[in-house]
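Coordinate-derived values only; no laboratory data. In this text, all values refer to a predicted model and were calculated from it rather than measured experimentally. Don't worry about glycine lacking a Cβ; one is built from the backbone with ideal geometry, like all the others, and counts go over all protein chains shown.
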Amino acid sequence: MITMSEQIPFAAYEEAATYIRERLSQIPRVAITLGSGLAPLAEDVTDATVIPYAVIPHFPRATVEGHPGRMVVGLLDNTPVAIMQGRVHFYEGYSLPQVTFYVRVLHLLGVDTLILTNAAGGLNPTFRAGDLMLIVDHINLPGLVGHSPLWGPNEERFGPRFPAMSKAYDRELRRIALEVAEALNIPLRQGVYVGLGGPTFETPAEVRMLRAWGGDAVGMSTVHETVVAVHAGMRVLGISTITNVAVDRLDVEETADHEEVLATGQSVAPRLAALLKGILRRLSAPVDR
Ligand code: HPA
């Protein structure tokens with residue numbers, strides 16, 4: 001078991017990047033991370049090179065159902081893209097540098113735009129299961145109490161000691177996402193994503209607290225990846241699938257469960273796929289090597 005303080009040497013990121021680079025003819029500029037229940041989206045990729053995380057040096061392995069753990073690089077609607085089909089989470093026992101390892105590897109490969117998707121519980125009382133939410137900002141609860149993937153000596157080759165987070169979710173990318181959603185007639189909510197450690201779902205008291213603090217959706221991923229990507233100067237777009245409404249009252253029948261999260265994720269996947277394809281079309285050209 002790796003502890004919070006374990007740092008990953010720069011050479012390990014380079015080894016992983018080299019391994020991937022040697023297997024690809026083209027490096028896309030855009031990467032998409034698929035959250036719980038959204039993995040089928042990678043099946044639409046053509047001319048795919050599939051690299052299981054297990055064979056990439058130093059890559060942690062996904063242990064949760066709904067996260068296959070493969071990198072799928074190819075064309076989505078004729079647009080080059082790297083799809084990270086599954087992620088690992090802090091609650092699986094991985095350190096935050098491990099959780100975010102792939103983000104820095106993508107950065108070394110030349111990916112400059114990271115689209116993070118996730119499954120989230122709805123805190124905003126107007127949200128319903130099946131809604132899509134554009135992340136405009138986040139509250140990083142583990143980060144606020146010192147659990148940061150950037151903990152420890154700063155690696156200047158990735159970014160500065162004190163990265164600003166006031167523009168974490170790129171404004172231009174958000175504008176494009178909203179335009180594409182409107183053009184495709186896909187309702188897209190906007191809101192603040194709260195990142196927690198998990199793996200417990202929230203108590204009703206916690207749900208009411210997070211809502212009062214300005215959260216619209218809550219989940220167990222994304223914020224650490226955003227921190228590391230922004231630190232490295234990457235542009236980040238975040239989209240949450242509201243897979244369930246967070247339970248805010250005691251003594252009611254409803255309760256959050258992973259089955260519901262996966263089932264709703266799957267039912268929303270076609271809409272999310274259309275949105276992501278539309279966004280991709282607006283974005284990418286391959287990086288010259
Ligand atoms: N809470 C935390 N994480 C989640 C939820 C939730 O209700 N739904 C999906 N991921």
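When peptides 94-107, 266-279, 75-88 are ranked by their average number of other Cβ atoms within 10 Å per residue, the highest-first order is 94-107, 75-88, 266-279. Show log10 I(q)/I(0) for segment 149-192 at q = 0.31 Å⁻¹, two decimals, from a solvent-free Debye sum over equal Cα scatterers. Ignoring solvent entirely, the Cα scatterers give -1.13.
With N denoting the number of residues in segment 3-110, provide Rg(C-alpha) divided by 2.2 N^0.38 Å, to two decimal places.
So segment 3-110 has a normalised radius of gyration of 1.03.
Please report the spacing between the Cα centers of segment 57-76 and segment 212-263 in Å, no decimals. Taking the Cα centre of each part, segment 57-76 and segment 212-263 sit 20 Å apart.
Close amide-amide hydrogen proximity is noted between ILE27 and VAL287, each under 5 Å apart and 5 or more residues distant or on a separate chain (H modeled in the peptide plane; Pro and chain starts excluded). For segment 33-164, the share of alpha carbon pairs falling in successive 10 Å distance bins from zero is 10, 36, 37, 16, 1 percent.
According to the calculation over all Cα-Cα pairs in the chain, the P(r) per 10 Å bin from zero is 7, 31, 38, 21, 4, 0 %. When Rg and Dmax are taken over the Cα atoms of segment 193-288, they come to 16.3, 58 Å.
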